[in-house]
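First the structure, in the form of structure tokens, and then the observations on it.
The values are calculated or read from the model by the stated rules, or taken from the named source; none is laboratory data. All of these numbers come straight from a predicted model, not from anything done at the bench. Heads up, the Cβs are rebuilt from the backbone with ideal geometry, glycines too, and the neighbour counts pull from every protein chain shown. Heads up: the accessible areas ignore ligands, DNA and RNA and are worked out on the full protein's heavy atoms, side chains in. Shrake-Rupley method; radii C 1.70, N 1.55, O 1.52, S 1.80 Å.
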Amino acid sequence: MKLGVLLIGACSAAVFSTRTGQSLPITYVPSLPQYNQSSAAESVLSLHKALVNIASVSGNEDTIAHWLKDYLESLHYHVHLQELPNPDVTSSTSITKRYNLLASQDSSLKTPILLTTHYDTVPPFTPYKRKYESGKHILYGRGSNDAKASLAAQVVALTDLVRSDKLAADKVSLLFVADEEVHGLGMRTANSLNKDGQWKAVIFGEPTESRLITGHKGLAIFELIAKGRDAHSGYPWLGESAIDMLIPVLVALRTAEVKLPSSKAVGNSTLNIGTVQGGVAGNVVAAHAKAQVAIRVGGGTIDEVRSVISTAVKEVDPRVQIQWSGNGYGPVICDTDIDGFELSSVNYGTDVPNLKGDHKRYLWGPGSILSAHSDHESIEEQELIDAVSAYQKLVLGALQSIEKGNKKDL
């Protein structure tokens, strides 16, 4: 009996609330679609529809992992599920076991090329819909482009290459990870699958508007914390407002933004003040205030970024504390030595820096980040279909590239 049947029977009362208030079952599991060897388009569309209809919000990736395991095994893949450890943060929303999935048509699961993306999504879950708009078929639903479009296209691309004898089974594996949208724990855990350093080229799938990415910005996140002393608002001199401490620091950060490092590869660093919180009531002098800030790092190093921020804060009010979240990372440069693709850079972060190793790093995928994470997330049907041949081109190009490199080393 398939896992989906067991889940529906055991958890039929569970629901996931959407932004519109609609309640949908998070335990719905579609049947395995038939693979059409003669039609890559039909295969990728049916797989994509099934994947989008499986709720896999970060922290709840168990169902999609087991469903995909069943599906790939039906196509004669060898599949390994790698359980993720408990998160190293207390804010995790995980309520189930979570897994990465490694698959190959070679039983060793050790191949020089890796196709990878993530199957977790941001909330809320919204089901698949196909609409005809402005002369095109558009596919809607959570994860429809970020990143289940890449996942579906990667599966069909590799399956067709091997079945048509254009590629040996021991050349490419698939890796689908959890938790990309939150902490990147899935890809960081996947490093243990590459202990022998067998992956020589990795093709990462993210919505890049079908462009091969030259690089993307890094990320540095921190929190500003101000501590004052509360008092009655009629007698403010008896207290010390934490909000009054924080505001001029935030103004100074906006001015300091131009001092952050930049590069020709990915452009200027940008600073976003994402949240500001403080006080308990309008008639009480605020004893506490804080702000969360994210920097998309366009150049230089994390140490340089931290130096700019620390200097700006200390010059205004050294009482305001800075708490950095994690280590952060600088700009990520990707490989682009495969012809036939339009090149571009992106401002968002990916799992690329979370996978360690001396491998080539390609970043490409169908769909646009401009609709990802929104209530109208979608992808054009034809772009999804075209992604199959594009991934095949990337696989063959990456294989040729590393083989040329091996010959140079001889």
| said: Residues that are of a type in the set (D, E, K, R) and open to solvent by 10 Å² or more (accessible area, probe 1.4 Å), at least 2 per element: which strands (runs of 3 or more DSSP E) completely within the range 151-238 meet that? | reply: 218-227
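Rundown of residues vs (1) open to solvent by less than 50 Å² (accessible area, probe 1.4 Å); (2) on the phi > 0 side of the Ramachandran plot; (3) touching a helix residue (DSSP H, G or I) at 6+ places or on another chain (Cβ under 7 Å); (4) in a strand (DSSP E or B), yes/no style:
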position	(1), (2), (3), (4)
Leu271	yes, no, yes, yes
Val276	no, no, no, yes
Ala289	yes, no, yes, yes
Gln292	no, no, no, yes
Arg296	no, no, no, yes
Gly300	yes, yes, no, no
Glu304	no, no, no, no
Val308	yes, no, yes, no
Thr311	no, no, no, no
| Among the residues of the range 127-142, is there at least one that is aromatic (Phe, Trp, Tyr), open to solvent by 10 Å² or more (accessible area, probe 1.4 Å) and assigned to a loop (DSSP other than H, G, I, E, B)? | yes
| request: Collect the residues in the range 364-392 that are within 22 Å of Asp351 (Cβ to Cβ), in contact with a Gly (Cβ under 9 Å, 6 or more places away or on another chain) and open to solvent by 40 Å² or more (accessible area, probe 1.4 Å), keeping them in residue-number order. | output: Glu383
| remark: Matching residues in the range 360-410 (charged (D, E, K, R) and within 13 Å of Phe341 (Cβ to Cβ)) number 2
| Out of the range 239-263, which residues are open to solvent by 60 Å² or more (accessible area, probe 1.4 Å) and either among the polar types (S, T, N, Q) or outside any helix (DSSP H, G or I) (or both)? | Glu240, Thr255, Ser262
| task | Name the one entry in Leu81, Leu72, Leu68 that is part of a strand (DSSP E or B), closer than 21 Å to Leu193 by Cα and aliphatic (A, V, I, L, M). | result | Leu81
| remark: For Asp335, the lone unmet condition from (1) within 19 Å of Gly267 (Cα to Cα); (2) out of contact with any Phe, Trp or Tyr (no Cβ under 7 Å at 6 or more places or on another chain) is (2)
| query | Could you list, in sequence order, the residues of the range 170-201 that are more than 22 Å from Ser56 (Cβ to Cβ) and touching a Ser or Thr at 6+ places or on another chain (Cβ under 7 Å)? | reply | Asp170, Lys171, Val172, Gln198, Ala201
| field | Any hit, the range 248-269, residues being in contact with a Lys or Arg (Cβ under 6 Å, 6 or more places away or on another chain), of a type outside the set (Asp, Glu) and farther than 22 Å from Cys334 by Cβ | value | no
| query | Tell me, which residue of the range 313-324 that is in contact (Cβ under 8 Å) with a residue 12 or more places away in the chain and more than 28 Å from the chain's Cα centre (by Cα) is surrounded by the fewest Cβ atoms within 10 Å (Cβ to Cβ)? | reply | Glu315
| task | Please specify each residue of the range 116-144 satisfying the condition of being under 16 Å from the mean Cα position of the chain (by Cα) and of a type in the set (Ser, Thr, Tyr). | result | Thr116, Thr117, Tyr119, Thr121, Ser144
| What about Lys110, is it open to solvent by 60 Å² or more (accessible area, probe 1.4 Å), at pLDDT below 60 and farther than 30 Å from Asp375 by Cβ? | no
